[in-house]
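Working notes, beginning with the structure itself.
The values are calculated or read from the model by the stated rules, or taken from the named source; none is laboratory data. Since the model is a prediction, treat every value here as computed from it, not as a measurement. Neighbour counts run over all protein chains shown; Cβ positions are idealised from the backbone, glycine included.
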Amino acid sequence: MNKNIKLAVAGAVLAMSASAANAGIIIPAGDWTLDVNGNVNAYAIFGKAKDGNDIVGGLANKKDGASESNGQGINTGLLPAWIGFTGNTRQNDTDVSFTISMQPNVSDNAISGDVKVPLFRQANLTFGDKSWGSIKLGKDIGIFASNAILNDMTLLGVGAGNALSGGSTTLGGIGTGYIYAGWKGQVAYTTPNFNGFQATVGLVNPNQGVTENGVTGVTSLNQDRFGLEGQANYAFAADNFSGKIWVGGASYKVKSTSAIEYTATAADIGATINAGNVGLTGYYYAGEGAGSYIFHSRGVDANGKKRDSDGGYLQATYILPTKTKMGIAYGTSRLDPSSAETATSLFKENERTTFGLYHPLTKHLNLVAEYNNIESKSHSGLKNTSQTGSFGAILFF
């Protein structure tokens, strides 16, 4: 199975059995072994918004234009439907692989229901050897904050997000506990595994022309050097006990079309532990100019002065005798005003509380039910609160 899907399944440690993480359609092809893999998931989502305030960057849903509180839709969850192709071979004492994937959508609100463009999140090659490490060239999940999303229990469910159909994915814990790692062009080096310790560093696509959301006067971010991202992991296991500890960082030099220039930085630390039927995960990040939700989003004010941000999440899961995994998670993302700003309608904090049930009906098919409470607060004292309930299924192959 595709390495990132394996990490998503094994890292989240939710509804999949251990053997399901090895799923995939394996096809021998001469010198190559082709792995065809992916998932299909869909959820019925019911939402209720309590308030109707305008909070810039607030993730809690608000009442619609007709002042209606309720909404519903059918959509993919945080992990999009996926089909990937990975080829592996060993030539001249070198492990060589490629991965190409596509992520279609379940539904749209258009009458035809077929106008949503599929995502294309992976096109990369790797080569290396266990003696000296590996090099990756191409598009894949970002390095910084990748462990945060891969260990989020809502990865196999819905988490935060609008109840209406039509979105590419829901938000999970993005913006309510961590910054989205994204899918980025990169040149990355991963060290050999030194008794559980492994590190990755990379030059990342500077993404010229990224729009700076919600900042008047800052319309486009032109980054004049590669982004730098890195992450170090230490994994351990003994008997019925296993876990991982990680630290990471990112740095981007940014210049906008309005001649505002700054360096955005962020760092994070996290740990996940599994002991018998119990799983615990804790994560924290902090940034300057990094913003929230996605990197650079609302990271500076209109004059280019940086805003500080931080947040994280705590998560606990337990496997019942029925093999159903139940989980509870609390996450928060905070954004401070710059030194030049006073009380504004900009969000101060987005909070999420999630209760989830993940049941392996078969080796590859999992039933999922979640309840999420989202609360957004602004620096001017506004507040929005919304809830979503969802049920559906995710099938890995």
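Here is how the numbers come out for the structure above:
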read-out	value
Any hit, region 236-247, residues being crowded, with 22+ Cβ neighbours inside 10 Å, in contact with a strand residue (DSSP E or B) (Cβ under 7 Å, 6 or more places away or on another chain) and either modelled with pLDDT of 90 or more or on the phi > 0 side of the Ramachandran plot (or both)	no
Test: Ser345 is touching a residue at least 24 places away in the same chain (Cβ under 8 Å) and more than 20 Å from Gly287 (Cα to Cα)	yes
Close pairs from region 91-107: first at positive phi, partner at pLDDT 95 or above, Cβ under 7 Å, at least 6 apart	Asp93/Asp129
Region 23-54, residues that are of a type in the set (Asp, Glu), in a strand (DSSP E or B) and closer than 30 Å to Asn372 by Cα	none
Filter result for Ile319 (touching a strand residue (DSSP E or B) at 6+ places or on another chain (Cβ under 6 Å) and closer than 16 Å to Ala60 by Cβ)	no
So Ala271, is it within 27 Å of Val204 (Cβ to Cβ), more than 19 Å from the chain's Cα centre (by Cα), at pLDDT 95 or above and part of a strand (DSSP E or B)	no
Residues located in region 55-79, provided they are within 30 Å of Leu395 (Cβ to Cβ) and assigned to a strand (DSSP E or B)	Asn70, Gly71, Gln72, Gly73, Ile74, Asn75
Residue in region 303-322 that is surrounded by the fewest Cβ atoms within 10 Å (Cβ to Cβ), counting only those that are farther than 30 Å from Glu261 by Cβ and either free of Cβ contacts under 8 Å to residues at least 60 places away in the same chain or among the hydrophobic types (A, V, I, L, M, F, W, C) (or both)	Pro321
Unique residue being in contact with a strand residue (DSSP E or B) (Cβ under 7 Å, 6 or more places away or on another chain) and surrounded by fewer than 21 Cβ atoms within 10 Å (Cβ to Cβ) when the list is Leu365, Leu335	Leu365
Test result for Tyr284, touching a residue at least 24 places away in the same chain (Cβ under 8 Å), surrounded by fewer than 18 Cβ atoms within 10 Å (Cβ to Cβ) and either over 21 Å from the mean Cα position of the chain (by Cα) or in a strand (DSSP E or B) (or both)	yes
Hey, Asp301 at pLDDT 95 or above, out of contact with any Cys (no Cβ under 6 Å at 6 or more places or on another chain), of a type outside the set (Val, Ile, Thr) and over 15 Å from Lys244 (Cα atoms) or not	no
Test: Phe347 is buried (at least 22 other Cβ atoms within 10 Å of the Cβ) and of a type in the set (Phe, Trp, Tyr)	yes
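So that you can scan it fast, the table gives a plain yes or no per residue for (1) under 19 Å from Ile174 (Cβ atoms); (2) modelled with pLDDT of 95 or more:
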| residue | (1), (2) |
| --- | --- |
| Ser333 | yes, yes |
| His359 | no, yes |
| Ala369 | no, yes |
| Ser380 | no, no |
| Phe397 | no, no |
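Per-residue answers, yes or no, for (1) β-branched (Val, Ile, Thr); (2) at pLDDT below 90; (3) in a strand (DSSP E or B):
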| site | (1), (2), (3) |
| --- | --- |
| Asp140 | no, no, yes |
| Ile143 | yes, no, no |
| Ala148 | no, no, no |
| Leu155 | no, no, no |
| Gly166 | no, yes, no |
| Thr169 | yes, yes, no |
| Thr200 | yes, no, yes |
| Gln208 | no, yes, no |
| Thr216 | yes, yes, no |
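This table checks each residue for (1) over 27 Å from Val40 (Cβ atoms); (2) of a type in the set (A, V, I, L, M, F, W, C).
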{"site": "Val278", "(1), (2)": "yes, yes"}
{"site": "Gly287", "(1), (2)": "yes, no"}
{"site": "Pro321", "(1), (2)": "yes, no"}
{"site": "Leu346", "(1), (2)": "yes, yes"}
{"site": "Thr362", "(1), (2)": "no, no"}
{"site": "Val368", "(1), (2)": "no, yes"}
{"site": "Lys377", "(1), (2)": "yes, no"}
